[in-house]
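The values are calculated or read from the model by the stated rules, or taken from the named source; none is laboratory data. From a predicted model like this one, the values you see are computed outputs, not experimental measurements. Because the Cβ atoms are built from the backbone with ideal geometry, glycine has one as well, and the counts that use them run over all protein chains shown. To get the accessible areas, we keep the full protein, side chains included, count just its heavy atoms, and leave off ligands, DNA and RNA. Shrake-Rupley method; radii C 1.70, N 1.55, O 1.52, S 1.80 Å.
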Amino acid sequence: MLGDVLKNQAGGQVFEAVEYLRKGYIQLRKEDDPQLRADLERFIKELDPDTLTYVIRAFSAYFRLVNVAEEAHAHRLLYRTEQEGEAWENSFEDVLTRLKGKGLTPDQAGELLQHLDISPVITAHPTEATRRTLLEGQRRMFLKVKTLDDNRLPPFEREALERDLGVDIQILWKTDEVRVRRPQVEDEIENGLFYFRESLFLAVPRIYRKLEQALAGVYGDAAPEVPNILRFGSWIGGDRDGNPYVTAETTAWALRTHKRETLSAYINRINQLHHILSHSDRFGQPSEAFYERLEHDRRCFPELARGLQQRYFHEPYRQKLRFMRERLLRAHKANEERLAGRIPAAECDYAYVHERELLADIDSIARSLASHGDAAVAERELKDLRRIVETFGFFLARLDVREESSRHTAAVGEILAARGDLAKAYDQLDEAERVELLAGEIAGRDDLLPAAELSPDTRGVLDVFRAMADMQGEISPDAFGSYIISMTRSASHVLEVLWLAKTAGLLGKDAEGAWFSSLSVAPLFETIEDLEHIETVMTGLLENPVYRGLLEAKGTGQEVMIGYSDSCKDGGIVASSWALYQAQRQVTDLGQKYGVGVRIFHGRGGTVARGGAPTHKAILAQPPGTVRGGIKITEQGEVLSSKYANLETAVYELTVMASGVLEASRCTVQKIQGDRQEYLDAFAELADAGERAYRELTRETEGFLDYFYEATPIDGISRLNIGSRPSHRQKSDRSLDSIRAIGWVFGWSQSRHTLPAWYGVGTALATFIGDSDERLALLQRMYQEWPFFNTFLSSIQMSLSKANMDIAAEYATLTEDSERGRAIFDKIRGEFDRTRDNVLKVAQLDGLLEESPMLARSIQRRDPYIDPLNHIQLMLIRRYQDENLSEEESQRWVSLLLRTINGVATGQRNTG
């Protein structure tokens, strides 16, 4: 179909060019032919800009269609399994059957469910390269492909659907895949809402129904009730770290936009229920409690009540639902007024203020239905509505706020200096003195702020805390998740945030002297060094009586965030994986020692270098005993569209996440086996060798950073309009520490090195094994028996499969110092070969991804189509760097370069 569209819309010349490149690079994959390779490169160089544009877009369109086809195929396989009455792998039924086989009783299953608190967090870092317009088009095509799978479809309907699918492909072809401007934070917020609107509102009740059905299937009449186990989070509009465009006003706008989305969804659901709950009081008398609430509504809305009495005299549930709808409409009106900067008028009186009021009305209807024998009715659409309101409240997703620790330190220092009542400047205090000062003022001083004018930066920090206090009152006490502190390196970094929060009334002591707190603070540990200090920092906090008092007052336990991307960029994938694993064990042990519940927040991305892995497998690979029901995971970049753009896939992804947490949390009700010390010692040794190899390349090899900037399209990536956040923490600083993980990983992925995801693994394995068959056998046992090590090496296999050293070698020729560039590439290629060979030896496989044939086929299917895009990209990089070109000519080549970056990312299904 795409070929037909190309011929009809772009012309035969474009179609022939695409076919020549496609067939040529497929042939090169089968057998290297230097003459054919030279011919293809010459052909690319001779293409004019207009034809190049169409060729690049054709390959990008192919990848989008492949993504649709693969997703539809995966859904088809799951559907067939369910049709045959079997449980698909890691479904609720599959996991519960395994748990029952391990002796999990119905009562234990019920207790285990009570521990579950699962929170996927939607972020814009790194952001999705795919435009929302394209996601909507791909959704339409997915639904048509899904319908075409139905063998019962009459021939004329099938033909019509195929014609419609062709039209959709034509629309896709006519839609520009590259954004014309960089999205603003407000755009990113709207993009995030797309997933709730398209799939998540519908997916959530299906998840609960599937879990209830699985429990009934496994435990029968003894099946426990399912509590609320799922809440979503978001960073979009609250992540200030390195993004100057996220202000207090942005945060307020984000939450009001979230509220608009939930209210609109609830109004639609109430309208549907109004058509369903048509019960007459002549055939079933509602409960007295229900009538009391109905009468209260009539007093609040007398004019509406008169109309309802006339129209629905004997239909009390319809009357109640109309009152509920009116209260939601008024809440929506009030929210719109605030979004417009106005104060809500009297016409918004009696609006729902909090989701608890709406839930109370829903429960009132459910209990009343049950009182006259209609409990089964209450278990359908009404229960679905309750599940949705429990999950999304009036806030949609709990918004995390994130800021870098040095901003808080600077703000506290300026405020204390302006107050002028300290004998010693704050920046001259040591850690113990800072902790003593901050804890003392949090506990015993209210006049924290000076009368003097403060700098804009400090006012901006304080304004965020005031906005949080205001929004908790206006939107919901649950509107915010955690206040996350990037680069946490000491206990004082956390106490600084609490001190600043006190200025906005978010915490302190009440009139009776008891602690209160409406703020949850989560320290974020990112680099290898930070992760190694996690025990010291957290011990200092948990032993501080002021901090413990506030933690107990909040009552939600301690959240600790660990960063995958920065630790990997810092010390390499082996050391990062080990530091993260150890940090989780240490934090969990500290929680048990001090009697504090701990939830670990995993700051993962989509790629292996940023912690990406299949969800269920990744959860089970966490240290035994560390997943105790609560888990929080960022959903970033391309992960969002691949998981949540389609309802069917969203249901699958949320199911395997929840079932993974369920299985990993067995430790809360049963004794489980811990890690074998022999395995821990072995990986510690691997981590040391891997880190040395990685740092020797990235920190000690002369010219390595020049190689990164010259042998990857990082300059083009920084120009790509995919996110509001700058690609560097500081524009003038091009050091390894300054560049963000999105650029670091994205650049290496585009140039087919995929270096951050595997470099150092080969040296680590080879060094450990040496000439010892016994040590090799130990690693082979670890791969078979230890989920962490198995998942680690499986992810490495995927990264190696996505790399292409022949193409990477061509990017290496872009370096200004060709001799040094070749030397660096030779070092990279040597480690690649060493990694591949040793991974296969340890896993006892003949080829990469041998145990994951579907993934292997997906990569193999895409590679011959990514290859021409890479070669076009190489040519374009050389062209736009030509200093003899005019600004207009250079910009034209840059525009084409951005299209290749977008196309390669779509083909690989990952950005950063």
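Residues in the range 140-160 that are of a type outside the set (Val, Ile, Thr), closer than 23 Å to ARG64 by Cβ and under 34 Å from the mean Cα position of the chain (by Cα): ARG140, MET141, PHE142, LEU143, LYS144, LYS146, LEU148, ASP149.
If I filter the range 281-300 down to residues being in a loop (DSSP other than H, G, I, E, B) and either more than 17 Å from ALA370 (Cβ to Cβ) or free of Cβ contacts under 8 Å to residues at least 40 places away in the same chain (or both), which single residue comes out as least open to solvent (accessible area, probe 1.4 Å)? Applying the filter and picking the extreme gives ASP281. Could you say whether any residue in the range 549-572 is aliphatic (A, V, I, L, M) and closer than 19 Å to ARG434 by Cα? Checked the range 549-572: at least one residue is aliphatic (A, V, I, L, M) and closer than 19 Å to ARG434 by Cα. Identify, please: which residue in the range 16-41 is touching a Gly at 6+ places or on another chain (Cβ under 9 Å) and of a type outside the set (D, E, K, R) and is, among those, nearest to ILE866 (Cα to Cα)? Across the range 16-41, the extreme among qualifying residues is VAL18. Grab the helices (runs of 4 or more DSSP H) fully contained in the range 741-815, keeping just those with 1 or more residues being over 17 Å from ASN870 (Cβ atoms) and in contact with a helix residue (DSSP H, G or I) (Cβ under 7 Å, 6 or more places away or on another chain). Of the helices (runs of 4 or more DSSP H) lying wholly inside the range 741-815, those with at least 1 residues that are over 17 Å from ASN870 (Cβ atoms) and in contact with a helix residue (DSSP H, G or I) (Cβ under 7 Å, 6 or more places away or on another chain) span 741-750, 761-769, 773-785, 787-802. Filter the range 251-272 down to residues that are among the polar types (S, T, N, Q) and within 25 Å of GLU190 (Cα to Cα) and give me whichever is farthest from the chain's Cα centre (by Cα). Looking at the filtered set, the residue picked out is ASN271. If I filter the range 237-280 down to residues being in contact with a helix residue (DSSP H, G or I) (Cβ under 8 Å, 6 or more places away or on another chain) and acidic (Asp, Glu), which single residue comes out as surrounded by the fewest Cβ atoms within 10 Å (Cβ to Cβ)? Here the answer is GLU249.
Of the candidates GLY481, GLY473, GLY505, the single residue that is touching a residue at least 24 places away in the same chain (Cβ under 8 Å) and open to solvent by 40 Å² or more (accessible area, probe 1.4 Å) is GLY505. Suppose we filter the range 758-771 for residues that are among the small types (Gly, Ala, Ser), on the phi < 0 side of the Ramachandran plot and open to solvent by 10 Å² or more (accessible area, probe 1.4 Å); how many remain? Adding up the residues that qualify gives 1. Exactly one residue out of ARG892, ARG899, ARG879, ARG909 is on the phi > 0 side of the Ramachandran plot and open to solvent by 20 Å² or more (accessible area, probe 1.4 Å), and it is ARG909.
For the range 636-647, the count of residues that are at pLDDT below 95 and touching a strand residue (DSSP E or B) at 6+ places or on another chain (Cβ under 7 Å) is at least one.
Residue count for the range 273-295 satisfying the condition of being under 44 Å from the mean Cα position of the chain (by Cα) and not hydroxyl-bearing (Ser, Thr, Tyr): 10.
Among the residues making up the range 385-426, those that are more than 30 Å from ALA334 (Cβ to Cβ), assigned to a helix (DSSP H, G or I) and free of Cβ contacts under 8 Å to residues at least 40 places away in the same chain are GLY413, LEU416, ALA417, ALA418, ARG419, TYR426. Across the range 248-278, the number of residues qualifying as in contact with a His (Cβ under 9 Å, 6 or more places away or on another chain) and modelled with pLDDT under 95 comes to 0.
At pLDDT 90 or above and buried (at least 22 other Cβ atoms within 10 Å of the Cβ): which single residue out of TYR707, TYR679 fits that description? Criteria check complete, one pass: TYR707. Taking the range 210-250 as the search range and keeping residues that are under 19 Å from the mean Cα position of the chain (by Cα) and not in a loop (DSSP other than H, G, I, E, B), which one is farthest from ILE485 (Cα to Cα)? Ranking the candidates gives LEU230 first.
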